[in-house]
Structures are given as structure tokens and as C-alpha cells.
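The values are calculated or read from the model by the stated rules, or taken from the named source; none is laboratory data. Owing to the predicted nature of the structure, the values given are computational and were not obtained by experimental measurement. For neighbour counting, all protein chains shown are included, and Cβ atoms are generated from backbone atoms with ideal geometry for every residue, glycine included.
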Amino acid sequence: MIEFLKQQFLHNQLFTGLVSASIIGGIIVYFKNIPMQIWNSIKQRIIYSVTIYQNDPLYDDFEAWFYSTHDNKYRNIEAGVKKTKSDYNSPITEHNINLPVIYYKQIEGFFVVKYKGRILFVKKGRDKLEHASDIRAIYFDQYHISTLFGLSAIKKLLHECIEFNNTKRIENSIKIYTHNTYGEWYSYGIINSKKIDNIIINPILKAKLLNDVQTFICQKDWYERASIFYKRGYLFYGEPGNGKTSLAVALANHTKRDLYILDLNSITENHMLKTAFSNIGRNSILLIEDIDGFYNLRESVKKDSKLSFSTFLNCLDGVFFKEGLITIITTNKIEMVDYMTEIKSFYYDSHLSMCDIQAICSQHPNDLNKAISELSSIKNQLNGKVVSLA
């Protein structure tokens, strides 16, 4: 009998899960007459749990790992078709890039999983959101993971999920995030991106952009010592079809960063915009396209808009900024974009505002003479014209 139970514990996860659940239930029954505060104190010491929300990049990492290793446990499944080949287990090639792919997602459920000798209880739940701007955003999902005395096991699992997806990630692919009307981000999918070498723009401008981005990425310590917000902003402008969006996507691929696409038309309140900025993943790129369709200088193009320009600036440059964020704004009408925002930290014109001086100094942190030389000659070099990046 003892040997039988031993074998069941080692090889039968359902049996092990039922026994563990029975133990937990027994503990609850045993302590049911203890005052609630004492029971809560005991529960906090023996049960460790984490929650992963859909708007966090870790959610996608855990779900991909869970489906890859425990797809046989899925019962309540959502199925759909993607137009492009983008799953982690099948590399994109010229032969399958346009083939439809069926994807599977667990909607809701409770699972018992054995991980490194520990029994983990995994629950997936979802909430329905009203006034969703996209059909994909109707539901907001989350995973709850709990176990007995298993802090280290859950931490190891989450790190493994991240490493698992980094090794499985397709070359030249990037994660795309969009948001609902509440400013909560969710994964829109994975796309195959052009390499930055295949983007056709002025080679001098491309080299200057890439050098500036690389300098920024390596300068976090310098920003901290100088007491300057660690962020970077670029404005891409030009006629439609000039490759502004393609350049932004290729830059995300080049820097190995996720791309967050902000649609100001679907954000209705200032606090929702703050929520969107606060929930952007670290070390990401934020893309805001066609800013001229929403703001004309500092005035809203839409009369019924409740988004103030001051809140927008505070999210980009003020107290609500996201550390380490690279922001790219695109426009077809440069004359409609306010010239005083630091988001134009990469263009130079005949009048240097403070953000332009800061941008030049950050490019030459250890060479004061070179920075002064560039500041003094920038007007003559560019003949008073704004530099176009696309």
C-alpha cells in the first residue's frame, strides 16, 4: 500500500493534486473556528500566490510556456485563425509566411501542475469590460498561481517562462501591444519586421538616428548622474507612404524592444491616458501615429475631446513619464506639431530650445568641446531647416 501511494505521488499529478487539495481543505476545516485574523495570518505563512494580469508582458510569456508544456490540460478553449505564421514553435520562412495558423487559448479553468517537485495550482479567470474599443479587448484575463511553501518554485517558474520565450522567439519578430479605452494594454500579436538595413531613407540620417539610439541605451548612468529623466523621443515626418511606420517597427526589432501603439482617438479621459503610460512595459518603444490628426499645435482637433495637451505632455516629458521609454511620434504635417515638446529631441532648426541643447550634450557626455562645437555650427550646417527622419 505504501509503495502504491508512493508511485501515485510520483507519477499521477491528478492524484497528487487531489491529495494536496484535501490537505488544504482539512487545514481550513480544522481552523474554521479560529478567529479570522488568526487564520489569515496562518494562511499568509503557508500559501504563496501570484497574479499575472493580461496587460503585463509576463502574461504572454507564461501563457506560451503553459501551452507548450501543458496543452493536454486545456479543456475550455478559444480557437481562431491568424493570417500570418507567428507561433513560437514554427519559424517564419518565405514558404509559410502567408499560411493561416490556428491558435488555441484557454478561456477559463483551474489546473494542478507539478513543477520541480512542487504542486502548483493555476487558475485562469477573465473579466468582461464594457465599452471596449476592440473586439480583442472585450475580456481582460489573468492567471493566479498558488502553492504551499513554494515561493522559490514560483519565482523559478516565472524566470523560466521568460527564458523559454526568449529562446523560442523568431528572429526579426516583435511583440505588438495595443490598448482598450481604459488604457489597459493587451498583446495584439507578433509580427515579422524588416531589418533596419532594409529601410530606405537617407543613409546619413539613418546612421545619425541609430547612433543616437545606441548612445541613449548605453547612457542610463549618465542620465541619473545628471538628474535628467531617462527617456528619448523622436519625431518622424513626411508624406504618407514614406516609411515612417516601417522605420519605427524596424527600430523596435533592431533594439529588441516590444512595440506599444497608442491610439489617442480611443482614449477618452486624462486619467486613462496616465494609466496607459504607467502600464507600458520597461525598455519598450511607444509609437503614436499621425499626431496631427489629434492635436493642432496645443489645441485638440476634436472639439469633444477630453484629453488635455498638458496631460499629454506630462506623460511624455513630465511626472508621468516612463523610465527608459523610447517614444516615436509620426506626422504628415510638421507645421501642426508643437515645437516646444521634447519629443523632437532629434531634430534641429535655426532656434535651439533647451531640449535641443540637452540632446546634443547627451550625445557627447565626455567631450564638452565637441558638444560646444556642434551647438555653434548647427545653424549653418542645416540652413535653418528641420531634419526629416523619414
(request) Kindly list the number of the only condition in (1) without any contact (Cβ under 8 Å) to a residue 60 or more places away in the chain; (2) crowded, with 18+ Cβ neighbours inside 10 Å that fails for Glu269. (result) (2)
(request) Taking Asn192 as the residue in question, decide whether it is over 15 Å from Leu58 (Cβ atoms), at pLDDT below 80 and touching a helix residue (DSSP H, G or I) at 6+ places or on another chain (Cβ under 7 Å). (result) no
(request) Would you check which residues across segment 230-259 are part of a loop (DSSP other than H, G, I, E, B), crowded, with 18+ Cβ neighbours inside 10 Å and either modelled with pLDDT of 85 or more or not assigned by TED's automatic domain parsing to the domain that holds Gln358 (or both) and list them? (result) Lys231, Arg257, Asp258
(message) Six or more apart or on different chains, Cβ atoms under 9 Å: show the pairs whose first residue is in segment 282-299 and farther than 28 Å from Pro57 by Cα and assigned by TED's automatic domain parsing to the domain that holds Lys256 and whose second is hydroxyl-bearing (Ser, Thr, Tyr) and part of a helix (DSSP H, G or I).
(response) Arg298/Ser310
(request) Could you pull out every one of the helices (runs of 4 or more DSSP H) wholly within segment 271-390 that has 1 or more residues that are more than 21 Å from Phe236 (Cβ to Cβ) and modelled with pLDDT under 80? (result) 354-363, 368-382
(request) Report whether or not Thr215 is in contact with a Ser or Thr (Cβ under 8 Å, 6 or more places away or on another chain), surrounded by fewer than 20 Cβ atoms within 10 Å (Cβ to Cβ) and part of a loop (DSSP other than H, G, I, E, B). (result) no
